[in-house]
Structures are given as C-alpha cells and as structure tokens.
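Comments concern the structure below.
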Amino acid sequence: MDYEVRDFTRDVLQASAQQPVLVDFWAGWCAPCKMLGPILEQLAAAAQGRWTLVKVDVDAHPDLAQQHQVRGIPAVKLFVDGQVVDEFTGALPQSALEAWLAERIPSPAARQVAQARAELAD
C-alpha cells in the first residue's frame, strides 16, 4: 500500500475530521526512519481503519516539514480534526509505539459521544 502524501490538506487535515491521521515525516537517507517506517506501515494495516498513515518525505516536501516545525526526523504527528494532538521525534520500538497509539487514538465510542455532545451544544 502507498502511504505517500499527495495533497496534505485533503490527505491529512480534512481526512482527520473523519478518523485520526498519523503523519510520518521521514527521509530516504535517515536510518531511524528506515527502521520506523515499516513498523508504522504494519500497524496501519492492522488498524483496520481506526486511523490512517500518511508519509511525508521531507526532501520532496521541505515546505510541509517547515510548516509543521519538523526539526528532526523521523517526526511523527497525530492529527485529529485538523490539529496535531500529539507527536514524537525519533524511532520507537514496536511495543512502545503500540502503547503510544493505544493511549492517543480515540475509540469509536468516544468519538461518537464527543460528536453527540457537540450536536447537543448546538
């Protein structure tokens, strides 16, 4: 599966209104990126649509890296409703990454409750 960004606004900002989007800022010459990338891809495939992975090659998209204040790579940012809700820099082992995701990805039920509360408030 191809996770490379095509249109950041559509692929990340707009898409994150429907489900969380994990953005991996990486480069081909970065050894930690080469270690983290396949783990993220494996976890994204296993997530069964609970969240989406989008990869941004900082060499091909330096404007996006600058815009999102990427100072080191790999840089991973979790977007929900068009906003970064959490992030980390560097490679994590798979078990730590799984725990990080489990703490931060809203469950479908939590998202429905939040949406219902927002509709009631309106």
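The values are calculated or read from the model by the stated rules, or taken from the named source; none is laboratory data. In this text, all values refer to a predicted model and were calculated from it rather than measured experimentally. Quick reminder, even Gly has a Cβ in these numbers, built from the backbone with ideal geometry, and neighbours come from all protein chains shown. Just so you know, the surface numbers come from the protein's heavy atoms only, side chains and all, with ligands and any DNA or RNA stripped out. Shrake-Rupley method; radii C 1.70, N 1.55, O 1.52, S 1.80 Å.
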Open item on the list: Beyond 18 Å, how much of the Cα-Cα pair distribution for the range 14-122 remains, as a whole percent?
Closed with: 50 percent
Open item on the list: Before I look further, what does the range 13-66 give for accessible area per residue, probe 1.4 Å, in whole square angstrom?
Closed with: 49 Å²
- [ ] Filter the trypsin sites (Lys or Arg not before Pro) in the range 18-105 down to the DSSP loop ones having no more than 15 other Cβ atoms within 10 Å, then list what survives.
- [x] R50, R71
Open item on the list: Please give the charge dipole size of the chain, origin at the Cα centre, charges +1 on K and R Cβ atoms and -1 on D and E Cβ atoms. Round to the nearest 20 debye.
Closed with: 200 debye
Open item on the list: What does the C-alpha gyration tensor say about the overall shape of the range 4-65? Classify as rounded when a/c is under 1.5, otherwise prolate if a/b is larger than b/c, or oblate.
Closed with: oblate
Task: Considering only the chain, percent of DSSP beta bridges that pair antiparallel, nearest 5 - done: 60 percent
Task: Normalised contact order of the chain, rounded percent, pairs of Cα under 8 Å and 6 or more residues apart - done: 31 percent
TODO: Give me the distance in nm between label points sitting 7 Å out from Cα along the Cα-to-Cβ direction at A47 and L13, one decimal.
DONE: 2.0 nm
